[in-house]
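Step one of this worksheet: look at the structure below.
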Amino acid sequence: MGQSFFIWNGIDCRSKGVIMAGHAPIIRAEERVKHIEIPGRAGDLTETEGENIFNSYIQTVTINVLGAYNVRDIYKWLRGSGYVTFSAEPEKKQPARVIGAVTLNKLSHNMDIWAGEVQFYCQPLKENLRPIATTITTSGDVLNMGDVQSYPKITATASTTSMTVSAGGNTLTVTGLTASTDYVIDCDTQMITNTAGTADYTLNSSGKFPVLNVGSNAVSGSGWSKLVIDRKERFL
């Protein structure tokens with residue numbers, strides 16, 4: 001097994017002189033449920049808050065820092081929020097925030113090595129490290145290989161002044177467009193803009209933003225010549 005590592009906001013810990021003490025575990029987030037006790041009845045009822053609702057969790061990483069000259073730099077780096085990738089799942093990233101104190105203690109009087117822990121408060125659903133896109137020029141199928149429903153980002157090339165895009169049982173209609181122009185439909189933020197992000201077409205839309213259910217999804221519509229669909233798959 002190769003050397004363990006983590007990447008925080010695009011920076012590999014190894015480039016900072018940081019070594020992980022073993023791999024971080026792969027954690028599947030806990031489903032958010034409520035247990036209801038019924039008087040006079042053994043056991044209880046379990047009520048889920050909703051489909052695919054999971055709790056955030058803390059991932060604790062033990063680290064060694066080579067050289068006291070790196071300690072202050074490490075403190076500045078390991079702060080705030082962003083994306084973290086762990087070597088156990090190098091193809092995934094997840095939103096997280098560094099929480100708690102980061103304390104580094106000298107490990108040995110003879111060696112300039114400092115040891116400590118860092119805690120990442122991780123959002124429950126992971127994403128692909130790099131975007132995976134599917135291009136459609138007519139109706140076709142798009143495969144969601146994630147564990148839960150996803151909200152894709154779609155770059156659509158309009159062929160007329162209005163278009164419809166359908167996927168996952170939802171249909172979105174957008175008007176007031178310019179032919180041969182690209183528009184970005186962000187189904188997560190539920191915003192529609194030009195590719196530069198300088199013009200907002202969200203108020204020109206009606207219906208429901210497309211989603212991608214787990215498995216194969218039929219994508220169809222009219223008024224566009226091409227769709228480039230960033231699938232935005234999410235994993236437990």
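Some values worked out for this structure:
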read-out	value
Residue in region 5-50 that is modelled with the lowest pLDDT, counting only those that are more than 15 Å from Thr85 (Cα to Cα) and β-branched (Val, Ile, Thr)	Thr48
Residue match in region 104-114 (condition: aromatic (Phe, Trp, Tyr), within 23 Å of Ser4 (Cβ to Cβ), out of contact with any His (no Cβ under 6 Å at 6 or more places or on another chain) and surrounded by fewer than 15 Cβ atoms within 10 Å (Cβ to Cβ))	no
Any strands (runs of 3 or more DSSP E) falling wholly within region 164-205 and containing at least 1 residues that are aromatic (Phe, Trp, Tyr)	182-186
Lone qualifier among Ile58, Ile11, Ile27 - being surrounded by 12 or more Cβ atoms within 10 Å (Cβ to Cβ) and within 24 Å of Asp112 (Cβ to Cβ)	Ile11
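The values are calculated or read from the model by the stated rules, or taken from the named source; none is laboratory data. Since we're looking at a predicted model, the values are computed, not measured. Please note: Cβ atoms are built from the backbone with ideal geometry, for glycine as well, and neighbour counts cover all protein chains shown.
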